[in-house]
Amino acid sequence: MYLMNGNQSERLGTATGVSTTRFSVPYRRIASGGRLRLRAHPIGGSGSFTSEDVVIQPGQSVKWTLESDLNRSSMAVY
């Protein structure tokens, strides 16, 4: 899992299949205007999937549900 900021990426950690993994990101590391974009790169797989931009406020959470076909993944902001 990576946090995207323009063309720069910052590794957040690894999420395993069929599980819930939590990452905390300080708001100051999120792009201006609260824009957030995440990237998933399957271990041992090819390619990667980058989410659309979402806008968040300090204290909000993002839930990204990744499917085996990464193009079917979904994201919600709470």
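The values are calculated or read from the model by the stated rules, or taken from the named source; none is laboratory data. These numbers come from a predicted model, not from an experiment. When we count neighbours, we look across all protein chains shown, and the Cβ atoms used for this are built from the backbone with ideal geometry, even at glycine.
Of the numbered criteria (1) over 16 Å from GLY6 (Cα atoms); (2) loosely packed, with under 10 Cβ neighbours inside 10 Å; (3) modelled with pLDDT of 90 or more, the one GLU52 fails is (1). Summed over segment 13-40, the residues that are part of a loop (DSSP other than H, G, I, E, B) and either without any contact (Cβ under 8 Å) to a residue 40 or more places away in the chain or more than 14 Å from the chain's Cα centre (by Cα) (or both) give a count of 15.
Within segment 64-78, the set of residues being surrounded by 12 or more Cβ atoms within 10 Å (Cβ to Cβ) and either out of contact with any Gly (no Cβ under 9 Å at 6 or more places or on another chain) or free of Cβ contacts under 8 Å to residues at least 40 places away in the same chain (or both) comprises TRP64, LEU70, SER73, MET75, VAL77. Of all positions in segment 56-63, at least one carries a residue that is out of contact with any strand residue (DSSP E or B) (no Cβ under 7 Å at 6 or more places or on another chain) and surrounded by 10 or more Cβ atoms within 10 Å (Cβ to Cβ). Scanning segment 28-49 for residues that are in contact with a strand residue (DSSP E or B) (Cβ under 9 Å, 6 or more places away or on another chain) and over 17 Å from THR14 (Cβ atoms) gives ARG29, ILE30, ALA31, GLY33, GLY34, ARG35, LEU36, ARG37.
Restricting attention to segment 1-38, report how many residues are basic (Lys, Arg) and surrounded by 10 or more Cβ atoms within 10 Å (Cβ to Cβ).
Result for segment 1-38: 4.
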